[in-house]
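Participant: Take this structure first; my questions come after.
The values are calculated or read from the model by the stated rules, or taken from the named source; none is laboratory data. From a predicted model like this one, the values you see are computed outputs, not experimental measurements. We place every Cβ from the backbone using ideal geometry, glycine too, and count neighbours over all the protein chains shown. Calculation scope for accessible area: heavy atoms of the full protein, side chains included, ligands and nucleic acids excluded. Shrake-Rupley method; radii C 1.70, N 1.55, O 1.52, S 1.80 Å.
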Amino acid sequence: KTCIGDAQRICVICHSNPDGDAIGSMLALNGCLKKWGKTAQLIAPNDFPDNLRWLDGASDIQLFNKHQHSIGADLQQADLIFCNDFQSFARLNDMCKVVEHSKAKKVLIDHHLLPELSQFDMAFSDTSVSSTCELLYGILQTMGFLPQFDKAIAEALFVGIMTDTGSFSYSCNHHSVFDIAAQLIAYDIDVKHIHETVYSTFSEYRMRLLGFCLSDRLTVIPEHKTAYMYLTKEDLLRFNYIKGDTEGIVNYALSIKNVVFAAFFTEVDGLIRISFRSKGKIDTNTFAKTYFNGGGHLNASGGNSTETMAETIARFEKELPNMLT
Ligand code: 5GP
Ligand code: MN
């Protein structure tokens, strides 16, 4: 509280390729700061999916990759930076250096495994919660902020919890997820409408891309209980890919009976992005960290590769036996 009270220039940032939890937690925190009479600058390393744009305040989020110079200067001059939904500056891509070198106090609010605590001046890190939004709710509650909540803040937090739990289907074995969701719904938010807006607003192209991916780009390896899919740059171009179109596709591979490990490779921005998902105790975090420069959670992680698609997939198949022993 003192930290916030003393700060003149506050920034709230999140990881690159922001998702519902990253955007939701930035907007909810900003909503609370505003009520506290504080103005904050919201900064994402790059753009976020269209299905999150309806959230109150989303249009205030600035994109570092669009205005590197001016936003870089703002980050330099900040005296307090909230770091939402990422555990290491490495997740900031091109924004990494400027945040690292900023003299601002950096406050981590995150739920990813293996946080690099030395990078932050203060850390709220809890890897047992569903989402950064769940963690943020707890922090705001402890700070006595709940009475100042409004519908927009509740919506933002609800979206983060809903998207990071796959609509309350994973990372939600603890009753607190549902307790908090119930508290948020009491702010008169429209759950059905939120769900429709986030999950049922795909373009026709995206649905056909999904169909193509499932029919032409799916490989199942029964001996390793693994399934993977990939989409090349050309595939994405053919189906008029826009950001967000590949979100959730990896879960289809994991939803096959007897498959316990799934991977999804996409060629975007000159890099192979990989999503890993697993069932049970299969540790995607260690696999992503060891072989693909990434990390995340036990059952959901991400990584990347600078090799070609064919090389990346060959390496994946080669390391697979290590993963499952
Ligand atoms: P997704 O596959 O949806 O992009 O990411 C799955 C989970 O892993 C998310 O919680 C995401 O924040 C995390 N994640 C994605 N990429 C990385 C990465 O490169 N490093 C780490 N540590 N976590 C990641
Ligand atoms: Mn998250």
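Participant: Considering amide H positions built from the backbone, and no H for Pro or chain starts, which residues 5 or more places from residue 230, or on another chain, come under 5 Å of its amide H?
Facilitator: 265
Participant: Within the range 8-49, find all residues whose amide N lies under 19 Å from a label point positioned 7 Å from the Cα of residue 193 along Cα-to-beta-carbon.
Facilitator: In the range 8-49, the label zone of residue 193 (backbone N under 19 Å from the point 7 Å along Cα→Cβ) covers 24, 28.
Participant: Taking the Cβ of residue 84 as the center, what net charge do the other residues with Cβ under 9 Å away carry, scoring Lys and Arg +1 and Asp and Glu -1? Please list the in-between numbers first.
Facilitator: Details: positive: none; negative: 21, 85, 110.
Combined, the nearby Lys, Arg, Asp and Glu give -3.
Participant: Also: Can you compute log10 of I(q)/I(0) for the range 59-205 with the Debye formula, treating each Cα as one identical point scatterer, at q = 0.11, 0.17, 0.21 Å⁻¹?
Facilitator: -0.51, -1.10, -1.30
Participant: For the range 1-45, what does the alpha-carbon gyration tensor say about shape, rounded, prolate or oblate, given a ≥ b ≥ c as the root eigenvalues, a/c under 1.5 as rounded, and a/b over b/c as prolate? If you can, show how the numbers build up before the last one.
Facilitator: Working: a/c = 2.72, a/b = 1.89, b/c = 1.44.
Because a/c hits 1.5 or more and a/b exceeds b/c, the range 1-45 counts as prolate.
Participant: Something else now. Using a 1.4 Å probe, what is the accessible area per residue for the range 142-251, in Å²?
Facilitator: Numbers: 5820 Å² over 110 residues.
Here the residues of the range 142-251 average 53 Å² of exposed surface.
Participant: Using only the alpha-carbon atoms of the range 43-86 as identical scatterers, what base-10 log of I(q)/I(0) does the Debye formula give at q = 0.14, 0.17 Å⁻¹?
Facilitator: -0.37, -0.55
Participant: With all protein chains present, calculate the accessible area of residue 243 using a 1.4 Å probe and round the result to the nearest 10 Å².
Facilitator: In the full protein context, residue 243 sits at about 70 Å².
Participant: Name the shape class, rounded, prolate or oblate, that the alpha-carbon gyration tensor gives for the range 206-286, where a ≥ b ≥ c are the square roots of its eigenvalues, rounded holds for a/c under 1.5, and otherwise prolate holds if a/b is larger than b/c and oblate otherwise. It would help to have the intermediate numbers written out before the result.
Facilitator: Working: a/c = 2.21, a/b = 1.65, b/c = 1.34.
Prolate shape, in that a/c is at least 1.5 and a/b is the bigger ratio.
Participant: Of the accessible area of the chain, with the probe set at 1.4 angstrom, what percent is carbon plus sulfur? Don't jump to the answer; show the numbers that get you there.
Facilitator: Working: 7700 of 15160 Å².
Of all accessible area on the chain, carbon and sulfur atoms account for 51 percent.
Participant: Rounded, prolate or oblate: which fits the range 37-131 when a ≥ b ≥ c are the square roots of the eigenvalues of the alpha-carbon gyration tensor, with rounded for a/c under 1.5 and prolate only if a/b beats b/c? Don't skip to the answer; put the middle values down first.
Facilitator: Working: a/c = 1.56, a/b = 1.13, b/c = 1.38.
Here the range 37-131 falls in the oblate category.
Participant: Right, here's the next one. Step by step: find N for the chain, compute 2.2 N^0.38 Å, then divide the Cα radius of gyration by it. What's the final number? Each step should come with its number before you reach the end.
Facilitator: Values: Rg = 19.5 Å, N = 325, 2.2 N^0.38 = 19.8 Å.
Ratio of Rg to 2.2 N^0.38 Å for the chain: 0.98.
Participant: Which residue fluctuates the most in the chain, going by a Gaussian network model with Cα springs under 10 Å, if the choices are 252, 137, 230?
Facilitator: With Cα springs under 10 Å in the chain, the top fluctuation among 252, 137, 230 is at 252.
Participant: Any chance you could tell me what percent of the C-alpha pair distances in the range 178-325 go past 18 Å?
Facilitator: Working: 6543 of 10878 pairs.
Within the range 178-325, distances greater than 18 Å cover 60 percent of Cα pairs.
Participant: Assigning unit charges at the beta carbon (Lys, Arg +1; Asp, Glu -1) and nothing else, what dipole magnitude in debye, to the nearest 20, does the range 151-202 show about its Cα centre? Display every interim value, and only then the final one.
Facilitator: Values: 2 positive and 6 negative charges, 7 e Å.
In debye, rounded to 20, the range 151-202 gives about 40.
Participant: Would you mind pulling out the separation of the Cα centroids of the range 46-94 and the range 270-321, in Å?
Facilitator: The distance from the Cα centre of the range 46-94 to that of the range 270-321 comes to 25 Å.
Participant: Considering only 95, 213, 69, whose Cα is most displaced toward the positive end of the charge dipole of the chain, charges sitting on Cβ of Lys, Arg (+1) and Asp, Glu (-1)?
Facilitator: Of the candidates, 95 comes out farthest on the positive side.
Participant: Long-range amide H contacts for residue 12: which residues qualify at under 5 Å (H placed 1.01 Å from N, peptide plane, sequence gap of 5 or more or a different chain)?
Facilitator: Excluding prolines and chain starts, which carry no amide H, the hits are 41, 42, 43, 82.
Participant: Would you work out the charge dipole size for the chain about its Cα centre, treating the Cβ of every Lys and Arg as +1 and the Cβ of every Asp and Glu as -1, and quote it to the nearest 20 debye? Don't skip to the end; give the middle numbers.
Facilitator: Working: 29 positive and 38 negative charges, 45 e Å.
Value, rounded to 20: 220 debye.
Participant: For each pair in 151/192; 105/243; 1/34; 192/243, compute the distance between the two Cα atoms and list the pairs where it is over 21 Å. Walk me through the numbers before you get to the answer.
Facilitator: Working: 151/192 15 Å; 105/243 32 Å; 1/34 14 Å; 192/243 24 Å.
Long pairs (Cα-Cα over 21 Å): 105/243; 192/243.
Participant: Next question. Under a 10 Å cutoff between Cα atoms, tell me which one of 17, 293, 304 has the largest fluctuation in the Gaussian network model of the chain.
Facilitator: Per the Cα network of the chain with a 10 Å cutoff, 293 tops the list.
Participant: Once phi is turned into ³J(HN,Hα) by the Karplus curve 6.51 cos²θ - 1.76 cosθ + 1.60 with θ = phi - 60°, what whole-Hz value does each residue of the range 128-144 show in order, with x for glycine and proline?
Facilitator: For the range 128-144, the Karplus-derived couplings read 8, 8, 5, 6, 5, 5, 5, 4, 4, 4, x, 5, 5, 5, 4, 7, x Hz, x marking Gly and Pro.
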